[in-house]
Amino acid sequence: MTLHVTTPVQQADTAIVDFWNAVLAPKFIKYRHIMVGGLSRHSAAVMGALDIPRDAHVLDVGCGFGDTAIEIANRHCPDGQVTGIDCCQTFLNHAWHAAEMSWTPNVRFARGDAEQGLEQRAYDYVFARFGTMFFTNPVRGLRAMRMALKPGGRIAHIVWRQRADNPWLNTPHQIVRGFLPAPGADGLNCGPGPFSMANEDTTRAQMEAAGFTDITFRRIDAKVLVGRDIDEAIAFQLAIGPAGETFREAGPLAEARRGEIEAALADLFTSVETTRDGLWMDSSSWLITARNPV
């Protein structure tokens, strides 16, 4: 199978993009099986709700390892074309390989940052799974996604709801915060974070400011995998997400208290749903859809 490479627009990387590539990407790759397979129940609910024409040209923003772009290409628009973009080249290398292994000729990938601008009026549908939450300027990023749509085109993006409805991230974070201070204002981070679009009113206002109409919010609840066993669940939380950020930024203090923190997290994970696949915890997201006005 021959896949044609999309030539990305040359863009200067921001400090956050540099941080994703240098610090977070290796952690995400290590736990790829959790970041992709762990969302299987959640993704099944989301993908079943998408209404994408079979001949659509689709843009997947923040495509990561390419699993959503490949599924959209195969499931929703076999007669169309899907382009996935991400700011992390290492993610895209995995995405290209996955597309080749799955024999998906109508998907392609390119390095890009939506906040730096996208090709305009080029797509029928724009999709993003857990990527828009990390926009440093949400309205600018959302506006670029709208401008990438043809008149009348549609967007669907998925973001996490409030912390209380996402114990898989929130509870370990609270446990770690019981031992360590919050990261400082000058600490390195991935951007606004996973809960930056949790509030419906705020996010609706951002969507409206970006120029979208017909905005709808649909709540999706599903369990997510947090590790194949307790040891991996602990390691995952201390590497990625709010707990991982707190642990990383605490430096030597975190290492000094690692034993206590791991014991407390182990107590938590002994009480969660366990299957032969691993440990599962509750999560909740918004599926947000809207339209680019004609």
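When Gly117 is tested against (1) modelled with pLDDT of 95 or more; (2) open to solvent by 20 Å² or more (accessible area, probe 1.4 Å); (3) not hydrophobic (A, V, I, L, M, F, W, C), just one condition goes unmet, and that condition is (1). Among the residues of the range 105-161, those identified as among the polar types (S, T, N, Q) and either touching a residue at least 60 places away in the same chain (Cβ under 8 Å) or in contact with a strand residue (DSSP E or B) (Cβ under 6 Å, 6 or more places away or on another chain) (or both) are Asn106, Gln116, Thr132, Thr136.
Criterion applied to Ile288, Ile261 was being touching a residue at least 60 places away in the same chain (Cβ under 8 Å) and more than 22 Å from Gly131 (Cβ to Cβ), and the one residue passing it is Ile261. Checked against (1) out of contact with any Pro (no Cβ under 7 Å at 6 or more places or on another chain); (2) of a type outside the set (S, T, N, Q); (3) crowded, with 21+ Cβ neighbours inside 10 Å, Gly184 meets all criteria but (3). Tell me yes or no: at least one residue of the range 61-70 is farther than 24 Å from Ile288 by Cβ and not aliphatic (A, V, I, L, M). The answer is no; no qualifying residue exists.
When you check Thr171 against the structure, is it in a loop (DSSP other than H, G, I, E, B), open to solvent by 20 Å² or more (accessible area, probe 1.4 Å) and either of a type outside the set (Gly, Ala, Ser) or under 21 Å from Glu71 (Cα atoms) (or both), yes or no? Outline the logic, then answer.
Details: in a loop (DSSP other than H, G, I, E, B): no; open to solvent by 20 Å² or more (accessible area, probe 1.4 Å): yes; either of a type outside the set (Gly, Ala, Ser) or under 21 Å from Glu71 (Cα atoms) (or both): yes.
In short, no.
For the range 147-168, a residue qualifies if it is buried (at least 22 other Cβ atoms within 10 Å of the Cβ) and assigned to a helix (DSSP H, G or I), and exactly one does: Trp168.
Listed conditions (1) polar (S, T, N, Q); (2) open to solvent by less than 10 Å² (accessible area, probe 1.4 Å); (3) outside any helix (DSSP H, G or I) are all met by Thr203, apart from (3).
The values are calculated or read from the model by the stated rules, or taken from the named source; none is laboratory data. The structure displayed is predicted, hence computed values, not measured ones. Heads up, the Cβs are rebuilt from the backbone with ideal geometry, glycines too, and the neighbour counts pull from every protein chain shown. Please note that ligands, DNA and RNA were not included when accessible areas were found on the heavy atoms of the full protein model with its side chains. Shrake-Rupley method; radii C 1.70, N 1.55, O 1.52, S 1.80 Å.
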